[in-house]
Amino acid sequence: MKDNSFIPLAFKKLEEQEIRERALNFYENIKSRRSVRHFSEQSIPKEVIEHIILSAGTAPSGAHKQPWIFCAVSNKELKDKIRKAAEEEEYLNYTKRMSEQWLKDLEPFNTNWEKPMLSDAPWLIIVFRKAFDLVEGEKIKNYYINESVGIACGFLLAAIHEAGLVSLTHTPSPMQFLCEILNRPSNEKAYLLIPVGYPADKCEVPKLDRKKLNEISEFYE
Ligand code: IYR
């Protein structure tokens, strides 16, 4: 049966001054988020990861199909397996598959094929996008899958930061090994691999500048 019922929007109108402050405060907070490549092994309660995933799951999606699944791995053997498979692919990337220009563009980040963060971080969240849904063997269409899952990952990264934790948006390529290791059904494709945890002691990040407002925006008033 179709459920076309509507409910009132839960919305509290704020004073303009408060809106100004909140927009500024959010920016002040989110701008300290950094991709981290050195993790502490300190554990994080499962409940924290559950709430982070619930936040990601509030993202909008095409026709509200929610075409995502977040696999959270804390199991040591599985993390080690994922690290080993990722390093095998990355070794080929760094030694054979990536262009000179690509390797040069990555120099400021000091990355290489070794991925200790995949076994050090207490949790790996592997995001899968669902090309379609399978309900009782029937294929159900999803829409704007990449856009939807990308937005959900944005929410996920913001929730991790807001919780006081750090993450890395890691994209080992190709990512098929994640479907195999985690035994995912054939309608799911790996989208991002995100280690989550605390930064290692004395963790450093590259000194980066962000584009200025006038470089990332154009106002038409
Ligand atoms: N996936 C590789 C290479 C890599 C590519 C880009 I584009 C980055 O921004 C960072 C890394 C790796 O994870 O090392």
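The values are calculated or read from the model by the stated rules, or taken from the named source; none is laboratory data. None of these values were measured; they are calculated from a predicted model. Cβ: placed from backbone, ideal geometry, glycine included. Neighbour counts: every protein chain shown. Quick note on the areas: whole protein, heavy atoms, side chains included, nothing else; ligands and nucleic acids left out. Shrake-Rupley method; radii C 1.70, N 1.55, O 1.52, S 1.80 Å.
Among the residues examined, Phe70 qualifies as open to solvent by less than 60 Å² (accessible area, probe 1.4 Å) and of a type in the set (A, V, I, L, M, F, W, C). Is one or more of the residues making up segment 27-43 within 24 Å of Arg184 (Cα to Cα) and of a type outside the set (D, E, K, R)? No, there is no match, as no residue in segment 27-43 is within 24 Å of Arg184 (Cα to Cα) and of a type outside the set (D, E, K, R).
Within segment 193-207, residues that are closer than 9 Å to His38 by Cβ sit with their Cβ atoms under 7 Å from residues that are assigned to a strand (DSSP E or B), at 6+ positions apart or across chains, in these pairs: Pro199/Phe39; Pro199/Val166; Ala200/Phe39.
Looking across segment 169-190 at every residue that is assigned to a strand (DSSP E or B) and farther than 18 Å from Met117 by Cα, the one that is farthest from the ligand (Cβ to nearest atom) is identified as Glu188. Scanning segment 98-115 for residues that are touching a residue at least 60 places away in the same chain (Cβ under 8 Å) and more than 7 Å from the ligand (Cβ to nearest atom) yields Pro108, Asn110.
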